Amino acid sequence: MALRLMGKKRGMIQLFDEKGNAIVCTVVEAEPNVVTQVKTKESDGYNAIQLGFETVKAKDARTVTARVGKPLAGHFQKGSITPRRHLVESRLNSVEEYKVGQEIGVKAFAEEQHLDVTAISKGKGYQGVIKLHNYAGGPASHGSGFHRHAGSTGMRTTPGRCLPNGKRASHMGLDRKTVQNLEVVRVVEEDNLIIVKGAIPGPKNGLVYLSPAVKLTVKKKK
C-alpha cells in the first residue's frame, strides 16, 4: 500500500558524482497529480485515492466531454476538476490527509531513496525467434538453407502434435514492465522532475508510474 504518481519519460542524461564517475540517468517529468476521488472503508470497503494526470486540452472546449466520455466527464464535474487524460488508484492505510482537488507533486518522493517504475515497453512488432528468443540460428553459408527460422518443433506419432507454450515467432514488446529499486539521483521540485539512475521502459514522452520501492520498504520495516 503506497502512493503512486504518474509522469512522462522525457529522455536520458548523464550526470557525475562527487568522484567524477558518470551516472546514466532517466528524467521523469511528473506535473502535480490531482486527487479526483477519495475512497474510504465506510463507503467503498477499502481506503484509496484516485489520482488524475495530464489535463485534456482541446482547441474547442466543447469537445472535451467527447474526448473523455460522458461518465468520466460527470465524475470530474462532481469534484469540480478539469478533466484528466489518465487515472490511477493508490491503496493507502489512511486517507484522512487527502481531499478531492488536492494536488500531489514530486515533493511526495523527496525523501525516497529508491523507486519502482512501471511503464509500457516499446512495441517491436512481429519478430522472429532469433530477435525474440535469442535463438542461435543456422550456418551463414549459402549451402545450408537454414539460417534464421526456428526449425522443427514436432515429434513422433506419439504425441503427434506440438506441445503448447513453445517458443515461436510472435509479437514483441508493448508489455507492462516494472523496474525495481531505481536509485533517486535528484528531485527538482520547481520543474516537477525526478531523475533516477538507469533506464526505464517505454519511449520518450511515454506514461510512467512511480512508487516507493516495495522490496526495500519491506526490508526497512523488518
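The values are calculated or read from the model by the stated rules, or taken from the named source; none is laboratory data. On a predicted model such as this, the values are computed, not experimentally measured, just so you know. Using ideal geometry, Cβ is built from the backbone for each residue, glycine included, and neighbour counts are taken over all protein chains shown. Accessible surface areas use protein heavy atoms only, side chains included; no ligands, DNA or RNA. Shrake-Rupley method; radii C 1.70, N 1.55, O 1.52, S 1.80 Å.
Quick notes
- Each residue of region 69-85 is assigned a 3J(HN,Hα), and the resulting list reads x, 4, x, 5, 4, x, 4, 5, 5, 4, x, 6, 10, 5, x, 10, 7 Hz, derived from the Karplus form 6.51 cos²θ - 1.76 cosθ + 1.60 (θ = phi - 60°), x at Gly and Pro.
- Each residue of region 174-179 was assigned a 3J(HN,Hα) from its phi angle through the Karplus curve 6.51 cos²θ - 1.76 cosθ + 1.60 (θ = phi - 60°); the sequence is 6, 10, 7, 10, 10, 9 Hz, with glycine and proline shown as x.
- Excluding same-chain neighbours fewer than eight residues apart, the aspartates and glutamates reachable from residue 215 by a Cα-Cα span under 12 Å are 116.
- FRET E, pair residue 66, residue 110, Förster distance 41 Å, beta-carbon r, rounded to 0.05: 0.60
- Alpha-carbon spread of region 130-222, three principal axes, descending order, Å: 65, 37, 21
- Long-range amide H partners of residue 135 with built H, under 5 Å: 130
- Annotation: amide H-H contacts under 5 Å for residue 200 (H modelled 1.01 Å from N, sequence separation of 5 or more, or interchain): none.
- Options 55, 66, 141, ranked by Cα towards positive dipole end of region 31-151, top entry (Cβ charges): 141
- Normalised by residue count, region 1-108 yields a Cα convex hull volume of 131 Å³ per residue.
- Counted charge near residue 8, where neighbours are those whose Cβ lies closer than 14 Å (Asp, Glu -1; Lys, Arg +1): +1
- Nearby lysines by direct alpha-carbon distance to residue 9 (threshold 22 angstrom, same-chain neighbours under 8 apart not counted): 57, 107, 122, 124, 177, 197, 204
- For the pair residue 13 and residue 121, label points projected 7 Å from Cα toward Cβ lie 2.8 nm apart.
- For residue 173, nonlocal amide neighbours, meaning residues 5 or more places apart or on other chains whose placed amide H falls under 5 Å from its own, are 124.
- Of 99, 78, 9, the order by accessible heavy-atom surface (1.4 Å probe, DNA, RNA and ligands excluded), from most exposed downward, is 78, 99, 9.
- Stokes-Einstein D (µm²/s) once Rh is taken as the Kirkwood radius of region 100-170 over alpha-carbon pairs, at 10 °C in 1.306 mPa s: 91
- A 1.4 Å probe, protein heavy atoms only, puts the accessible area of residue 16 near 130 Å².
- DSSP beta bridges in the chain [antiparallel fraction, %, rounded to 5]: 100
- The chain, Rg to Rh (Cα coordinates; Rh as Kirkwood inverse mean 1/r): 1.11
- Simple label model, 7 Å out from Cα along Cβ direction - residue 23 to residue 59, nm: 4.4
- Across the accessible surface of the chain, with the other protein chains kept in place and a 1.4 Å probe, carbon and sulfur atoms take up 49 percent.
- Extension gain for the segment residue 174 to residue 149, taken as residue separation times 0.36 nm less the Cα-Cα distance, is 6.7 nm to one decimal.
- Charge tally around residue 136: other residues with Cβ under 14 Å, Lys/Arg +1 each, Asp/Glu -1 each, net +3.
- When 162, 25 are compared by accessible area at a 1.4 angstrom probe, the order from most to least is 162, 25.
- Region 1-155, dipole about Cα centre (Lys/Arg Cβ +1, Asp/Glu Cβ -1), debye to the nearest 20: 880
- Computed over protein heavy atoms with a 1.4 Å probe, the accessible surface of region 158-222 works out to 67 Å² per residue.
- Positive-end residue, the chain charge dipole about Cα centroid, Cβ charges, pick of 210, 154, 193: 154
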